[in-house]
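J.: Let me begin by handing over the structure; questions about it come next.
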Amino acid sequence: MVNFNGTVSDSHKNILDANNRGFLYGDAVFETLRVVDQKPLFWEDHYFRLMASMRLMRMEIPMSFTPEFLLEELQKTLVSFHSNVARVRLTVFRNSGGRYLPTSNDVKFLIVSEPLANEFFAIDTSDCFVDLFKDFFVPTSLLSTLKTNNRSLNVIGSRYAQDNDLHNCVLLNDKKQVVEFLNGNLFVVQDMTIKTPPLNSGCIKGIVRKQLIQCIENHSEYTLVETEISPFELQKSDELWITNAIQGIRPVSRYRKKNFTNTVALTMVELLNDRAKKSLN
């Protein structure tokens with residue numbers, strides 16, 4: 001189902017005009033959500049990140065864009081949906097007009113949904129082979145932390161992964177430090193220490209990243225460290241994770257010649273699911 005600015009349809013055709021700024025200039029921000037029984041996991045976090053992204057993009061936030069209004073629009077999109085679990089993308093784009101300089105800062109929204117198999121996060125134990133992507137680098141700027149439609153690096157990196165029989169790639173920033181994966185944040189486990197790159201490295205300000213950091217900080221056995229990570233550290237680690245709002249925690253099985261376990265990931269996904277369930281109340 002598709003919800004274009006409040007109008008719900010089961011067709012994806014003829015929704016956007018040729019002058020759509022999200023299409024022409026990437027002048028759009030988005031959130032990807034896991035929705036269970038018409039309730040998004042971690043909705044408050046997603047909502048406030050969306051508002052912060054719109055402010056940084058100098059978009060005009062409508063008075064109607066309350067958490068209640070956008071939640072109602074999400075639920076309206078899923079009324080005729082045939083699954084109680086969905087992947088939902090909420091995109092907000094500036095109104096058509098202008099070239100690089102917009103003629104208006106007003107916005108419209110688009111909500112698109114598709115079914116998911118599992119209600120909550122489950123560890124995928126299938127092969128996940130990764131390597132570094134070094135053709136282009138993530139800038140260490142605040143703009144890199146936003147979920148905007150400017151995803152060229154992720155697209156090119158995904159093609160590189162496919163061409164090299166990889167399932168994902170590790171992205172580096174302009175300081176040649178590890179930042180994230182193509183579709184999620186990055187965590188490494190070394191003994192009882194779990195590390196993740198800080199936001200000033202240029203990584204996406206991930207919702208599951210935030211929740212997982214809190215899970216680790218509340219755990220008596222593990223220590224969470226936000227720090228710069230060099231590519232050399234990846235081969236020294238015991239576990240390597242991809243995290244995002246749809247998969248939760250996706251353990252990497254191999255980086256180059258290094259094979260990883262997923263023991264800690266299995267523990268942490270249970271804690272993450274506990275937080276996810278509480279967020280629905």
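J.: In whole Å, what is the distance between the alpha-carbon centres of segment 70-134 and segment 180-224?
T.: 23
J.: Summing +1 for each Lys or Arg and -1 for each Asp or Glu, what net charge is found among the other residues whose Cβ lies under 14 Å from the Cβ of N150?
T.: +3
J.: Determine the relative contact order of segment 129-279: mean sequence separation of Cα pairs under 8 Å and six or more apart, normalised by residue count, in whole percent.
T.: It rounds to 23 percent for segment 129-279.
J.: Rounded to the nearest 500, what is the 222 nm mean residue ellipticity of the chain from helices alone, with -39500 (n - 2.57) per DSSP H run of 4+ residues and division by all residues?
T.: -8000 deg cm²/dmol
J.: For the chain, count the residues as N, evaluate 2.2 N^0.38 Å, and divide the Cα radius of gyration by that value, please.
T.: Details: Rg = 19.0 Å, N = 281, 2.2 N^0.38 = 18.7 Å.
The chain yields a ratio of 1.02.
J.: Also, quick follow-up: Taking +1 at the Cβ of each Lys and Arg and -1 at the Cβ of each Asp and Glu, which of N95, W43, P67 sits farthest along the dipole of segment 2-115 towards its positive end, judged by Cα position relative to the Cα centre?
T.: N95
J.: While we're looking at this one, here's another question. Quote the convex hull volume per residue of segment 84-173, based on C-alpha atoms, as a whole number of Å³.
T.: 166
J.: Taking segment 129-279 on its own, what percent of its Cα-Cα pair distances exceed 22 Å?
T.: Looking at segment 129-279, the distances longer than 22 Å represent 35 percent of pairs.
J.: Here's a follow-up. Ranked highest first by the average count of other Cβ atoms within 10 Å around their residues, in what order do 214-220, 26-32 fall?
T.: Sorting 214-220, 26-32 by mean packing, highest first, produces 26-32, 214-220.
J.: Among V264, S9, T77, flag the residue with its Cα farthest along the positive direction of the charge dipole of the chain, charges on Cβ as +1 for Lys/Arg and -1 for Asp/Glu.
T.: So the residue we want is S9.
Laboratory data are not the source of any read-out in this text; all were calculated from the coordinates shown. These numbers come from a predicted model, not from an experiment. Using ideal geometry, Cβ is built from the backbone for each residue, glycine included, and neighbour counts are taken over all protein chains shown.
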